[in-house]
1. Quick check: convex hull of the Cα atoms in the range 203-332, volume per residue, rounded to a whole Å³?
2. Computed FRET efficiency, Cβ-Cβ of R2 and N104, R0 56 Å: what is it to the nearest 0.05?
3. FRET efficiency for S330 and H195, Cβ-Cβ distance as r, R0 = 41 Å, nearest 0.05?
4. Setting aside same-chain residues fewer than 8 positions from K176, which lysines have a Cα under 18 Å from its Cα?
5. Hey, got a sec? Which trypsin sites (Lys or Arg not before Pro) in the range 121-180 land in a DSSP loop and have at most 12 other Cβ atoms within 10 Å?
6. Please compute P(r) over all alpha-carbon pairs of the range 143-210, binned at 5 Å starting from zero, and give each bin as a whole-number percent.
7. Give me the percent of Cα-Cα pairs in the chain that sit more than 35 Å apart, rounded to a whole number.
8. Per the Kirkwood definition applied to all pairs of different Cα atoms, how many angstroms is the hydrodynamic radius of the range 181-222?
Amino acid sequence: MREITLIPGDGIGPEITEAVKAIFSAANVPVTWEEENAGQTTFDSIGELIPSTLIASLKKNKVALKGPITTPVGKGFKSINVQLRQMFDLYSNVRPAKTTPGVNTRFENVNLVLFRENTEGLYSGLEMFDERLQISDSVARLTRVGCRKIIRAAFEYANKHNCKKVTAVHKANILKSAGALFLSEASEIAKEYPHIQYDDKIIDNMCMQLVIKPEQFDVIVTTNLFGDILSDLCAGLVGGLGVVSGANIGNDMAIFEAVHGSAPDIAGQGKANPTALLRSAIMMLHHIDLKEEANRIETALDATLANREQCTGDLGGNASTMEFAQHIISKL
Ligand code: NAI
């Protein structure tokens with residue numbers, strides 16, 4: 001039995017987490033969950049945003065499945081998600097976006113993986129507000145080491161999975177320092193993988209290309225803010241935030257989580273689609289070498305997604321979160 005840290009999160013987090021737990025249990029996946037939470041929920045009960053017991057659990061288990069955690073907008077505490085990524089140097093944010101039969105979208109053959117740098121750039125936390133001058137600065141700091149790590153992770157992934165092309169996305173025409181550093185490191189590392197096609201795109205053009213012809217992309221690598229925005233755009237290409245998975249991976253720890261947030265507008269109503277968290281959990285099973293279990297759950301999930309009336313409302317069905325999970329379980 002492999003022990004996994006489970007962070008249910010808040011908002012729709014606990015609902016979708018329960019659905020994933022039920023599916024894992026029905027599929028007899030040999031994992032046990034060590035449940036720990038973070039964010040406002042734990043602050044209210046024990047006065048800690050990231051409890052020391054969660055940190056100890058992550059250090060021990062090295063692998064976690066995490067639900068979304070609400071971050072106050074424009075005020076309050078720093079995102080727990082960002083803090084966990086920085087605390088454990090989970091520098092690769094890996095977000096696959098693939099068309100699924102049965103899930104209605106404008107495009108038919110999207111199959112790409114976005115690698116977003118997860119710890120630096122505009123999310124470095126270097127923020128200042130000068131009261132006297134009324135000037136605010138948010139610094140987009142990139143390090144050469146940080147650029148190299150995420151770019152190499154993207155090329156290594158492309159190499160391992162026989163992907164044809166890696167595209168580096170940047171704004172080096174305007175950001176002559178940070179943008180140029182990222183771009184020059186990408187073109188240097190690309191030379192080490194001559195069998196993989198390499199190109200680069202400026203972020204604004206990239207957005208247009210993605211919504212016109214997303215099939216042309218394979219592996220995309222970019223900095224933190226661009227990656228954050230592009231990954232939601234890519235989610236929209238394949239059916240929305242309810243269906244896309246994500247992983248935060250470092251050298252010796254990985255936290256798997258859906259791309260979406262805590263969806264306060266539908267929280268507690270049994271409407272949330274658990275697919276994104278389930279797909280993240282399937283990525284996790286591949287990561288810990290439980291491939292047979294991963295494939296079995298994925299097949300049952302795909303068969304359910306092909307049946308619109310068995311799906312949740314965001315996909316045009318009328319099943320609740322747990323009814324959707326039960327449909328998956330019945331196909332295991
Ligand atoms: P959101 O992703 O929570 O919701 C955006 C829209 O997508 C909403 O209409 C929501 O109902 C829908 N949606 C999201 N997940 C869904 C699901 N599984 N099934 C069906 N519909 C779904 O984004 P929003 O509203 O911008 O953020 C809400 C909170 O979540 C914020 O506090 C934000 O900081 C936090 N957040 C947390 C993340 C994390 O924990 N990794 C990631 C993104 C946002």
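The values are calculated or read from the model by the stated rules, or taken from the named source; none is laboratory data. As the structure is a prediction and not an experimental result, all values here were calculated from the model. Ideal geometry is used to build each Cβ from the backbone, glycine not excepted, and the neighbour counts take in all protein chains shown. Areas reflect the complete protein model, heavy atoms only, side chains present, ligands, DNA and RNA absent. Shrake-Rupley method; radii C 1.70, N 1.55, O 1.52, S 1.80 Å.
1. Details: hull volume 17.4 nm³, N = 130.
Enclosed volume per residue, from the Cα hull, is 134 Å³.
2. Details: r = 36 Å, r/R0 = 0.65.
Here the calculated transfer efficiency is 0.95.
3. Details: r = 44 Å, r/R0 = 1.07.
Plugging the Cβ-Cβ distance into 1/(1 + (r/R0)^6) gives 0.40.
4. Partners within reach: K201.
5. Hits after loop and neighbour filter: R132, K164, K176.
6. Over the range 143-210, the share of Cα pairs per 5 Å bin runs 3, 18, 28, 24, 19, 7, 1 percent.
7. Cα-Cα pairs of the chain separated by over 35 Å account for 20 percent.
8. Values: mean 1/r = 0.0875 Å⁻¹.
Hydrodynamic radius (Kirkwood, Cα only) of the range 181-222 equals 11.4 Å.
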